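Contents: one structure, followed by commentary.
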Amino acid sequence: QVQLVESGGGLVQAGGSLRLSCTASGLQFSKYAMGWFRQAPGKEREFVAVISASGTGWAYADSAKGRCTISRDNAKNAVYLQLDTVKFEDSAVYYCAADYTLWLPQMTMDYDYWGQGTQVTVSS
């Protein structure tokens, strides 16, 4: 049974930083690309960042470039998302997802497994 569990969300002031974590179990982690998505109230789930199975490739949404860093530790079955200089519009539920591929998928439909999400709320 595959499980993805996110953590690290919470309340953060605008301009601050936050590090989200996602730990995986029940899958051969090193063969899965790992993505981060987010969903704000009333909006569709949107792509934030993805890292390749090997950890040597990555891609970011335009809104995340320069402010987010995705990384992974295959020995720990974990993927991380560092959020810096957060803005009010970064408030959302953040989800990690896994896709069995060598590529860098950026669409929700590409992904095989999803976590339950962690809430990030940016205050002024």
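The values are calculated or read from the model by the stated rules, or taken from the named source; none is laboratory data. Values in this document were obtained by computation on a predicted structure and should not be read as measured data. Cβ placement follows ideal geometry from the backbone for every residue including glycine, while neighbour counts extend to all protein chains displayed. With ligands, DNA and RNA removed, areas are computed over all heavy atoms of the protein, side chains included. Shrake-Rupley method; radii C 1.70, N 1.55, O 1.52, S 1.80 Å.
If you check Ser17 against the conditions, is it open to solvent by 20 Å² or more (accessible area, probe 1.4 Å), touching a residue at least 40 places away in the same chain (Cβ under 8 Å) and either within 19 Å of Val93 (Cα to Cα) or touching a strand residue (DSSP E or B) at 6+ places or on another chain (Cβ under 6 Å) (or both)? Against the criterion (open to solvent by 20 Å² or more (accessible area, probe 1.4 Å), touching a residue at least 40 places away in the same chain (Cβ under 8 Å) and either within 19 Å of Val93 (Cα to Cα) or touching a strand residue (DSSP E or B) at 6+ places or on another chain (Cβ under 6 Å) (or both)), Ser17 qualifies.
Elements of the type strands (runs of 3 or more DSSP E) sitting completely within region 24-64 and holding at least 3 residues that are open to solvent by less than 10 Å² (accessible area, probe 1.4 Å) and of a type outside the set (Asp, Glu): these cover 33-39, 46-51.
Quickly run through region 109-124 and pick out the residues that are open to solvent by less than 90 Å² (accessible area, probe 1.4 Å) and out of contact with any Lys or Arg (no Cβ under 7 Å at 6 or more places or on another chain). Answer for region 109-124, where residues must be open to solvent by less than 90 Å² (accessible area, probe 1.4 Å) and out of contact with any Lys or Arg (no Cβ under 7 Å at 6 or more places or on another chain): Asp110, Tyr111, Asp112, Tyr113, Trp114, Gly115, Gly117, Thr118, Val120, Thr121, Ser123.
Identify all residues within region 30-43 that are in contact (Cβ under 8 Å) with a residue 60 or more places away in the chain and within 26 Å of Ala92 (Cα to Cα); write none if there are none. The answer is Tyr32, Ala33, Met34, Gly35, Trp36, Phe37, Arg38, Gln39. Residues of region 71-108 that are closer than 23 Å to Gly26 by Cα, part of a strand (DSSP E or B) and open to solvent by 10 Å² or more (accessible area, probe 1.4 Å): Ser71, Arg72, Asp73, Tyr80, Tyr95, Asp99.
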